[in-house]
Amino acid sequence: MRHKLLIFLFLCLLCCEFSEEDLQGPPDKPKNDKNKDQDESAQEEFASSAEDEDGAAALKIVPAPDLTKERDRRKGEVTVHVEIRDRDAVDLLMLDHAKVIQKMVQEIGIKNVMIEEADMDIPADLDELPPPPEVKSKEMTTEEVEAKTIYDTASAILNKTRPDKKHAYQLLLEASNKGNVEAKALVAWAKLFGNPLEQDLEVAKEIFHSLAEIGNPDGHTGLGYLYASGLTVNVSQAKALVHYTFGAIGGNTWAQMVLGYRYWSGITVAPSCEKALDFYRQVADKVSQRVSFGGGAAIQRIRLLDELENGYTSGILDNDLIEYYQLLAEKGDIQAQVGLGQLHYQGGRGVDLDYQKAMHYFTQAANAGNAIAMAYLGKIYLDGSDEVKADNDTAFKYFKKASDLNNPVGLSGLGLMYLYGRGVEKDYTKAYKYFLAAADQGWVDGQLQLGNMYFSGLGVRKDYKLANKYFSLASQSGHVLAYYNLGQMHAQGTGMLRSCPTAVELFKNVAERGRWGEILMQAHSDYNENRFNEAFVQYALLAELGYEVAQSNAAFLLDRNEVPMFSTQESLARALLYWGRAAAQGYSAAQVKMGDYHYYGLGTPVDYETAASHYRLASEQQHNAQAMFNLGYMHEQGLGMAKDVHLAKRCYDLAAETSTDAKVPVALALFKLNLVFSLNSLRESHLSNLLDFNEMFGSNWDLYLITTLTAILAGIVYFRRPQAPPQV
């Protein structure tokens, strides 16, 4: 037994010896310097050949270093030769990756730490490796150069103050057919929106798909929108999130806004204030850089539900009214001239941006001595545009005339010129004086620039509290740069406690004032022209970007079943989704709609408790009279909550106090409530069988009673109307 144990141990030792030799390879032998240099040069040659022509770290199959001498020494040990070859190849491959690691550690300054942790056999002369070959730009073909030229021409047309979109998109179609990627992206969005090209969702999807295959951010963003909204494809929020992420990484502004809104609201992702802040800050940076001294074009936000219920067009001026003002202006009415000038200078309310017309009306009013017109002429010449060449001297002249009349716009304009040295020598003291005079009169630009001076310490001592004060004042007037500056201060905790939620809300406000907000007006115009599919697609995209107005408008179209591409049931289910997103952003009418959908079972099963919770939110948080009335009725009937006549009366009274429009229906409801309460008190009497209205008239007898009372009231009003005096 002892002999067997000894034999077993001897065999184990022998196996270990052979296995160690196989793993480690032949023992190292001393080499002379010449052989060492040859080995290192061979390694360098292998590493450099492992890169392709474009400089990327792509692995190529190349001859291994010359190991003939080693093979001659140990011809019989085939396994050892294989291990030698594998080990040398691995070492040389690691040398190729070492070049990439070297670049990384040089950028972040932790070279030694990474090498020690990786424990790799990196040569000592790593720093002497030759630099990677430069990436050679691919030469463009003649057709590609021609397509790029056409695209640049179209872009120049679109960037004008009054672009000729039809001509521009004809050029973009031509450039797209020649293979220009940027033109393809713009054509795809135009095909999706149906403006200015004819709507074709299938063509748009194909273009987006082809763009996404080559990694274009617009292609990924477009596909993300299609998967999120279920247009031409099955709804897949997972695929939408993937495409949105790739689009945002590629720098697409809309994709960044979508992800910012989703992380802020927790839509298909876990809520994350910090991630939402990162995405919204990127978009806000882009918007703030494009804001001119004049502030840019105004964006009108019109809710279709408000238009329907209130019977007006939310400030949109019709042609007859504009023509009336034009007639007054031509007759010398200064107020009409200034008003038309401001309309054409800022745009909005159904009036296009037109600096030439603005100058025409402002010049007429300025010649009559109007200070506001003088100041706005100064702003036009200070900013400059493709229609009006910038002229600092002329701007200074008009600002000076307006400031002499103590006009805050003129005072602020002079401050800007001294602050930035536009046509005059920089003088922070004079700039501060003019801004302070303008701010004291409540002018938003003066407040904003005072905040900038205190924030940066320009001519004054840095004071973040004063900067915050003036930025807050300017934000109350809606200045986009004031929102942006406040967002930066809250995001970084400058002069105040850091607040991520406040910073996100401010940056979101800035992001929604980008130029793409013009789509809101285009969608409204399409809706008025009965182009419902086109209007819905545009509203739905802006809803993805987080616009509450677009969410409520998209829900409104679906609620009225005005989108031909969807069936009635599908429209209601989609409308419930959009109403929910609008309600989450504080729109009280959307909160009431959510209650209505759960009460009547529209797009969802009937759920009185959920309906009551939505009505209660709209009542308590937004003081909505309709929600209060509905809560009163549900308390009265005991639907989704305890039946309580006293709470019902309290809700009815609150509705009447909140809105004068609710007084008549509340009066009828209270009359019926008092009548029912009186009748219920008689139920214990022997006449109780005669008072069972549910058995006599059905469960909806109260509605019949209210209708009857309404008819009686209408008759009383009709017969008591003033009578015309008899004609003699």
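If residue 497 passes every condition in (1) under 26 Å from residue 248 (Cβ atoms); (2) at pLDDT below 95 but one, which one does it miss? Every condition holds for residue 497 apart from (1). Filtering segment 504-545 to residues that are within 20 Å of residue 582 (Cβ to Cβ), open to solvent by 10 Å² or more (accessible area, probe 1.4 Å), of a type in the set (A, V, I, L, M, F, W, C) and at pLDDT 95 or above leaves only 532. Counted as qualifying within segment 369-440 are the helices (runs of 4 or more DSSP H) with 1 or more residues that are in contact with a Lys or Arg (Cβ under 9 Å, 6 or more places away or on another chain), namely 371-383, 392-404, 408-420. Test residue 563 against the criterion of being outside any helix (DSSP H, G or I) and closer than 22 Å to residue 632 by Cα, and give yes or no. No; evaluated as a whole, the condition is false for this residue. Whether a residue is at pLDDT 95 or above, more than 20 Å from residue 440 (Cα to Cα) and part of a helix (DSSP H, G or I) was assessed, and residue 491 passes this test. In segment 162-180 there is no residue that is of a type in the set (A, V, I, L, M, F, W, C), closer than 19 Å to residue 210 by Cα, in contact with a Lys or Arg (Cβ under 7 Å, 6 or more places away or on another chain) and open to solvent by less than 50 Å² (accessible area, probe 1.4 Å). Taking the listed residues 582, 555, 611, the one that is over 27 Å from the mean Cα position of the chain (by Cα) and open to solvent by less than 10 Å² (accessible area, probe 1.4 Å) is 611, with no other qualifying.
Taking first residues from segment 362-387 that are without any contact (Cβ under 8 Å) to a residue 24 or more places away in the chain and partners that are part of a loop (DSSP other than H, G, I, E, B) and open to solvent by 30 Å² or more (accessible area, probe 1.4 Å), the Cβ contacts under 6 Å between residues at least 6 apart in sequence or on separate chains come to 381/391; 384/390.
Scanning segment 522-541 for residues that are within 16 Å of residue 561 (Cα to Cα) and of a type in the set (A, V, I, L, M) gives 535, 537, 540.
Being surrounded by fewer than 23 Cβ atoms within 10 Å (Cβ to Cβ) and of a type in the set (S, T, N, Q) is the requirement here; does residue 619 meet it?
Working: surrounded by fewer than 23 Cβ atoms within 10 Å (Cβ to Cβ): no; of a type in the set (S, T, N, Q): yes.
Criteria not met by residue 619.
Taken over segment 162-175, residues that are touching a residue at least 24 places away in the same chain (Cβ under 8 Å) and either closer than 15 Å to residue 152 by Cβ or not charged (D, E, K, R) (or both) amount to 4. Filter segment 365-393 down to the residues that are under 30 Å from the mean Cα position of the chain (by Cα) and of a type in the set (Gly, Ala, Ser), then identify the one that is least open to solvent (accessible area, probe 1.4 Å). Out of the qualifying residues, it is 384.
Based on this model, can you work out whether residue 654 counts as farther than 30 Å from residue 570 by Cβ and open to solvent by 70 Å² or more (accessible area, probe 1.4 Å)? Before you say what the answer is, go through the steps one by one.
Values: farther than 30 Å from residue 570 by Cβ: yes; open to solvent by 70 Å² or more (accessible area, probe 1.4 Å): no.
No, not satisfied.
Just to be sure, is residue 606 touching a Phe, Trp or Tyr at 6+ places or on another chain (Cβ under 8 Å) and open to solvent by 40 Å² or more (accessible area, probe 1.4 Å)? For residue 606, the condition - touching a Phe, Trp or Tyr at 6+ places or on another chain (Cβ under 8 Å) and open to solvent by 40 Å² or more (accessible area, probe 1.4 Å) - is met.
The values are calculated or read from the model by the stated rules, or taken from the named source; none is laboratory data. A quick note: this is a predicted structure, and the numbers were derived from the prediction, not measured. Counting neighbours? That spans all protein chains shown, and the Cβs are built from the backbone with ideal geometry, glycine included. For accessibility, only protein heavy atoms count, side chains too; no ligands or nucleic acids. Shrake-Rupley method; radii C 1.70, N 1.55, O 1.52, S 1.80 Å.
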